[in-house]
Amino acid sequence: MTDRAPLEFTIEHNQNPTSDAERAEILANPGFGVRFTDHMVMIDWTVDGGWRNARVVPYGPLSLNPANAIFHYGQEVFEGLKAYRHEDGSVHTFRPEKNAKRLQHSAHRLALPELPVELFVESLEQLVRVDEQWVPAHGEDKSLYLRPFMIANEDFLGVRAAETVTYMLIASPAGAYFSDPTRPVDIWLETEYSRAGRGGTGSAKCGGNYAASLLPQLTAAANGCEQVLFLDACSEKFVEELGGMNIVLVYEDGTVVTPESDSILDSVTNDSLLQLCAAAGVKTERRPVTIDEWREGAAAGRITEAIAVGTAAVVSPIGTLKHPEFTIENPPVTADSFSMRIRAKLTGIQNGDEPDEFGWLHRLA
Ligand SMILES: Cc1ncc(COP(=O)(O)O)c(C=O)c1O
């Protein structure tokens, strides 16, 4: 694939774009994942021809045959990252190469083709340049959420890897994921269902993992919780992750610990948080963590904070972890809590208000 000439993107402008007034209204209160920009990216892949036909086209519905493999076998992977408006008006994204590589990792597991990293990053540049006005203003805790995804796109009911695939990128203005980012979120500890098993797709960002998390998520909601925490499928002892976020625990001596597992997503936010800690001289550990360690540590005051981390919610303190037989109460959050300080640091870098010492930002427009 590397010996091919780079793909040239064609651009077909939307002839019926959202009016300035309507867009301003949407950006004033964007919610999350409900409104979309005027364009999208599509790139085709075939087993014989590789990647081709890279294009920016008007955002709109797809027309697919009901026999398309995507409807039957879930051969699909996706990513999630954001574009941030800086004070000088420029638009940047955060560590896009990591998302590109994770998409390759996910694609490999789902027997989909690996999109070259440069093509992934260029797709972000192409879309954000065309839809730049959709990136919310600086300093409002808003961003443009970017959703790259790849689907099997072949009309065939046999169970095999698709030979025709489509990569797409859509974008959606986003406000804060949780209405008040400083308010601790309550979490339901799921023990009946697993999210992913050993050798399964847990470390891939594929739709099936999220489908499997929805029933437990309903149970969580019925128990007054916003997120669900999964344990490992084999022993049901080790903390894995939330339906859509990694977990970080802070110990009384300041050590920051995050669970290590082959069946969780390699979070860009978590990796960045650990790097920031290491640079500040804070001890970090990525290792297996049992639910008993968390439970006993919190009860004895050894664990002082529990945090959910991911692109959507950035860094959110966890309040109560609920289970039918016990609850884990985490201490109240203060302005000086680790979660609040690291959140300010990370969002500061993303929004261009703190120096980008690690070279994490990538200018899109
Ligand atoms: C299952 C899961 N874990 C963790 C994360 C956090 O990853 P990131 O920080 O790269 O957004 C996400 C969100 O993408 C997720 O869906």
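The values are calculated or read from the model by the stated rules, or taken from the named source; none is laboratory data. Keep in mind that what you see is a predicted model, and the values were worked out from it rather than measured. Reconstructed Cβ throughout: ideal geometry from the backbone, glycine too, with neighbour counts over all protein chains shown. Note: areas computed on protein heavy atoms with side chains; ligands, DNA, RNA excluded. Shrake-Rupley method; radii C 1.70, N 1.55, O 1.52, S 1.80 Å.
Suppose all protein chains stay in the model; what accessible area per residue would a 1.4 Å probe give for the chain, in Å²?
Working: 16320 Å² over 365 residues.
In whole numbers, the chain has 45 Å² accessible per residue.
How about segment 284-365: which chymotrypsin sites (Phe, Trp or Tyr not before Pro) there are in a DSSP loop, with at most 16 other Cβ atoms within 10 Å of their Cβ?
Details: sites: W294, F326, F338, F358, W360; in loops: F326, F358, W360.
Within segment 284-365, the qualifying chymotrypsin sites (Phe, Trp or Tyr not before Pro) (loop, at most 16 other Cβ atoms within 10 Å) are F326, F358.
What does the charge count near P184 come to, summing +1 for each Lys or Arg and -1 for each Asp or Glu among other residues with Cβ under 11 Å from its Cβ?
Details: positive: R183; negative: D180, D186, E226, E305, E329.
So the environment of P184 carries a net charge of -4.
Of all accessible surface on segment 10-174 at a 1.4 Å probe, what whole percent is carbon and sulfur?
Exposed carbon and sulfur together represent 50 percent of the surface.
Computing the accessible area with a 1.4 Å probe over protein heavy atoms, can you report the carbon and sulfur percentage for segment 185-350?
Numbers: 3420 of 6640 Å².
The computed percentage sits at 51.
Roughly what angle does helix 96-109 make with the longest principal axis of the chain, taking Cα atoms, 0 to 90 degrees, to the nearest 10?
Taking the Cα atoms of the chain, the angle to 96-109 is about 90 degrees.
Taking only Cα atoms of segment 10-174, what ratio of Rg to Rh do you get with Rh as the Kirkwood inverse-distance radius? Could the numbers behind the result be given before it?
Working: Rg = 16.4 Å, Rh = 16.6 Å.
My calculation of the ratio gives 0.99.
Taking amide H positions as placed in the peptide plane 1.01 Å from N, state which residues far from E305 in sequence (5 or more) or on other chains have amide H under 5 Å from it.
So E305 has HN proximity to V250.
Along its three principal axes, how long is segment 240-306 when you only count alpha carbons? Whole Å, largest extent first please.
The principal-axis extents, from largest down, are 31, 29, 16 Å.
So what is the calculated 222 nm ellipticity per residue for the chain, using -39500 (n - 2.57) for each DSSP H run with n of 4 or more, over all residues, to the nearest 500 deg cm²/dmol?
Numbers: 8 runs with 91 residues, N = 365.
After summing the helix terms and dividing by residue count, I get -7500 deg cm²/dmol.
Measure out, as a whole number of angstrom, how far apart the alpha-carbon centroids of segment 180-216 and segment 1-72 sit.
Segment 180-216 and segment 1-72 have Cα centres spaced 28 Å from each other.
Order K237, K205, most accessible first, counting only protein heavy atoms with a 1.4 angstrom probe.
Values: K237 115, K205 25 Å².
Ranking K237, K205 by accessible area, largest first, yields K237, K205.
Can you return the lysines within cross-link range of K142? Criterion is Cα-Cα under 26 Å, with same-chain partners fewer than 8 residues away left out.
List returned: K82, K98, K101, K205, K345.
Could you derive backbone 3J(HN,Hα) for segment 342-347 from the dihedral phi with the Karplus parameters 6.51, -1.76 and 1.60 (θ = phi - 60°), listing whole Hz in sequence and x where the residue is Gly or Pro?
6, 4, 4, 5, 5, 5
Hey, what's the Cα Rg ratio for segment 223-334 versus the globular rule of thumb, 2.2 N^0.38 Å?
On the way: Rg = 13.2 Å, N = 112, 2.2 N^0.38 = 13.2 Å.
That works out to 1.00 for segment 223-334.
Amide H to amide H, which residues 5 or more places from Y59 or on other chains are under 5 Å from it, using H placed in the peptide plane?
The answer is H39, M40.
Taking every DSSP beta bridge with both residues inside segment 97-250, roughly what % is antiparallel (nearest 5)? Show your work: numbers first, answer last.
Working: 12 of 16 bridges.
Taking every DSSP beta bridge within segment 97-250, about 75 percent pair in antiparallel fashion.
Taking amide hydrogens as modeled 1.01 Å from N in the peptide plane, which residues meet the under 5 Å criterion relative to K237, leaving out close sequence neighbours?
Long-range HN contacts for K237: D232.
Run the dipole for the chain about the Cα centre, Lys and Arg Cβ at +1, Asp and Glu Cβ at -1, nothing else charged, and hand back the magnitude in debye, nearest 20.
Dipole size: approximately 200 debye.
Kirkwood hydrodynamic radius of the chain from all distinct Cα pairs, in Å? Present the calculation step by step, with values, prior to reporting the outcome.
On the way: mean 1/r = 0.0464 Å⁻¹.
Mean inverse Cα-Cα distance, inverted, gives 21.6 Å.
Give a residue-ordered list of calculated ³J(HN,Hα) values for segment 185-200 (Karplus: 6.51 cos²θ - 1.76 cosθ + 1.60, θ = phi - 60°; whole Hz; x for Gly, Pro).
Whole-Hz 3J(HN,Hα) from phi for segment 185-200: 9, 8, 10, 9, 8, 7, 10, 8, 10, 9, 8, 7, x, 4, x, x.
Once the other residues with Cβ under 13 Å from the Cβ of T327 are scored (Lys, Arg +1; Asp, Glu -1), what is the net sum?
On the way: positive: R295, K322; negative: D186, E325, E329.
Once positives and negatives cancel, what remains is -1.
Starting at the first residue of segment 55-66, write each ³J(HN,Hα) from the Karplus equation 6.51 cos²θ - 1.76 cosθ + 1.60 with θ = phi - 60°, in whole Hz, x for Gly and Pro.
Here the 3J(HN,Hα) series is 8, 9, 9, x, 5, x, x, 9, 10, 10, 5, x Hz.
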